[in-house]
Amino acid sequence: MNEVLRYRGRVITDSDVAFIRKLIADNPTASRWRLSLLLCEAWDWRQSNGVLRDMVCRSMMLELHRAGHIELPPKRFKPRNPLANRERAQKKPVQLSFIDQSPIEARLSEIQPLDFVQVRRTDDEPLFRALIDDHHYLGYVQPVGEHLKYIVYSRGHPIACMAWSSAPRHLGPRDQFIGWSPAYRKKNIRFLAYNTRYLILPWVRVPYLASHILGRMAKILPRDWKRIYNHPVYFLETFTDPTRFKGTCYRAANWVVLGRTKGRGNNAPTREQRVPIKEILAYPLTPRFRELLSGDIE
């Protein structure tokens, strides 16, 4: 069987294309939305929580349609997209003038207790975006796939932000450290979470705060991920830019340095360096992470 398309980790072959063509022919009055549901059901293509992956399936079918492999029926209407509406709302500027930016210089014990608030799909999500955009050197980028966002508060004042998302599919030093096969990596990559942004707000200067937050997050994140996405995570990872940072807080929180990236970026067409080289750090959440990630997780 010849590979026609590779989409979101799924390989579409010429026999798959023939199946989709027959599905379309057998359902001549079905809309694109209905066809995507029928195909998900036929392939049992579901998210980890059991919900059909119809949006991903619809995008994949559109790619095949644009490439001339299949012929989809004309669009009947443009459905309301709550996610797009929410993202447009988030792009509206958030005024940070109401945030108290008075310097916080204290011992860690003096700013306790800390509240870790998961803000994705809440009224505080625009604040998270604004803080990252204003104060993180990489700015804000909307995460893809499964992801969570946190604001850490001290007595009602935001002091830190942290974002987590699905892990990169291919990462040589990480894959060697885990020791899983390509097949199990593809199957179990969803049990990893990737720390995409970490920000201690610039007016906050509290010794050991950054490593303390990482230690707390290693306990909070797995519970939230299980509750929201209906599956556990066993392994955390992140990148740091060694030209800017030493990764001191991660090392102090017992994260392990795995090596460095090749600087090729995602889906690199050549082996040449295209993006800055990053250091890879990881934090296994259980001593059994290799056994779990290299096997059939129920």
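Going by the conditions given, is ASN188 touching a helix residue (DSSP H, G or I) at 6+ places or on another chain (Cβ under 6 Å) and under 25 Å from GLY259 (Cβ atoms)? Spelling it out, ASN188 is indeed touching a helix residue (DSSP H, G or I) at 6+ places or on another chain (Cβ under 6 Å) and under 25 Å from GLY259 (Cβ atoms). Only one of the numbered conditions (1) within 20 Å of the chain's Cα centre (by Cα); (2) surrounded by 15 or more Cβ atoms within 10 Å (Cβ to Cβ) is violated by PHE177, and that is (1).
Selection of the range 46-71 for residues being within 15 Å of ARG6 (Cα to Cα) and surrounded by fewer than 17 Cβ atoms within 10 Å (Cβ to Cβ) yields SER59, LEU62, GLU63, HIS65, ARG66, ALA67. For the range 30-45, filtering for residues that are of a type outside the set (A, V, I, L, M) and either modelled with pLDDT under 85 or in contact with a Pro (Cβ under 9 Å, 6 or more places away or on another chain) (or both) leaves 3. Does the range 180-187 contain at least one residue that is at pLDDT 95 or above, in the same structural domain as THR286 (by TED's automatic domain parsing), part of a loop (DSSP other than H, G, I, E, B) and buried (at least 17 other Cβ atoms within 10 Å of the Cβ)? Yes, the conditions are met somewhere in the range 180-187. Residues that are polar (S, T, N, Q) and not in a strand (DSSP E or B) within the range 4-61 comprise SER15, ASN27, THR29, SER31, SER36, GLN47, SER48, ASN49, SER59, listed in sequence order. Residues in the range 127-165 that are among the small types (Gly, Ala, Ser) and farther than 17 Å from MET217 by Cβ were compared, and the one that is surrounded by the most Cβ atoms within 10 Å (Cβ to Cβ) is ALA130. What residue, among those in the range 256-285 that are basic (Lys, Arg) and part of a loop (DSSP other than H, G, I, E, B), is modelled with the lowest pLDDT? My answer is ARG271. For residues that are in contact with a strand residue (DSSP E or B) (Cβ under 7 Å, 6 or more places away or on another chain) and not in a loop (DSSP other than H, G, I, E, B), tally how many sit in the range 229-250. Going through the range 229-250 one residue at a time, the tally reaches 7.
The values are calculated or read from the model by the stated rules, or taken from the named source; none is laboratory data. Because the structure is a prediction, the values reported are computed rather than measured. FYI the Cβ positions are ideal-geometry reconstructions off the backbone, even for glycines, and counts take in every protein chain you see.
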